[in-house]
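Please read the structure below before turning to the comments.
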Amino acid sequence: MIAQARACTCIQPLTPAYPRTLLVFGSMRESGGAVMAEDPIDLIRLEGDGNSVILRITGKEERKRPTETDALVGEFLVDTPFVRGTLKTWIFPEDLRQWQQVLDSLDAGQDIAWREGKRAQWLFIELDEDDDRCQVTIKDHSMSLTTVTVTVPLVDAWFDDAYRRLDLVWESWPMTED
């Protein structure tokens, strides 16, 4: 039984040299016990004191070539009273596994670097030892050549929510590496 089914938008690329289909969703639905995403999911959501850093997953890009891995499509959203911007990104299965590992490290009180050394944007989170705050840095070394650092609160309750968000992404868009 399908509850709350809505049409999805499929966007075909303009360049036939790299055939792929982007599926963009609009809500959640339940089909035979499986939850499938149709609304964007915030994989990362750090916010407070008027500042926010969000990594929003907006869909899944299914690759046509058998040698390519499907990817999630999303965007980093940064919003402060001083700086506001978005940056498109792609997330692969290995990125999600590494996010789990860096979440564990961050939860253990360590500063983290996610996707450092890859072609994608890098994310750094440095903990403030004297306060329940952290500095979140996004570095785009390949497209805009921009780095932004935002200070946000980071309380213990955030970690439960972060793990729940990661689980929701895995459940909504199961991905495998071929």
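The values are calculated or read from the model by the stated rules, or taken from the named source; none is laboratory data. In this text the structure is predicted, and so the values were computed from the model without any measurement. Heads up, the Cβs are rebuilt from the backbone with ideal geometry, glycines too, and the neighbour counts pull from every protein chain shown. Quick note on the areas: whole protein, heavy atoms, side chains included, nothing else; ligands and nucleic acids left out. Shrake-Rupley method; radii C 1.70, N 1.55, O 1.52, S 1.80 Å.
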Residue, nearest to ARG115 (Cα to Cα), within the range 73-94, restricted to residues that are open to solvent by less than 60 Å² (accessible area, probe 1.4 Å) and outside any strand (DSSP E or B): PRO93
Residue that is modelled with the lowest pLDDT, among those in the range 32-71 that are open to solvent by less than 40 Å² (accessible area, probe 1.4 Å) and over 24 Å from GLN98 (Cβ atoms): GLU38
Pairs with Cβ under 8 Å, 6+ apart, first in the range 73-97 and farther than 15 Å from VAL152 by Cα, second part of a helix (DSSP H, G or I): LEU96/LEU166; LEU96/VAL169; LEU96/TRP170
Single residue of the range 132-146 satisfying the filter (open to solvent by less than 80 Å² (accessible area, probe 1.4 Å), in a loop (DSSP other than H, G, I, E, B) and in contact with a strand residue (DSSP E or B) (Cβ under 9 Å, 6 or more places away or on another chain)) that is nearest to THR86 (Cα to Cα): SER144
Filter result for the condition that a residue is farther than 20 Å from LYS139 by Cα, among the aliphatic types (A, V, I, L, M) and surrounded by fewer than 18 Cβ atoms within 10 Å (Cβ to Cβ), over ALA108, ALA113: ALA108
Odd one out for GLN98 among (1) among the polar types (S, T, N, Q); (2) out of contact with any Gly (no Cβ under 6 Å at 6 or more places or on another chain); (3) assigned to a strand (DSSP E or B); (4) surrounded by 15 or more Cβ atoms within 10 Å (Cβ to Cβ): (3)
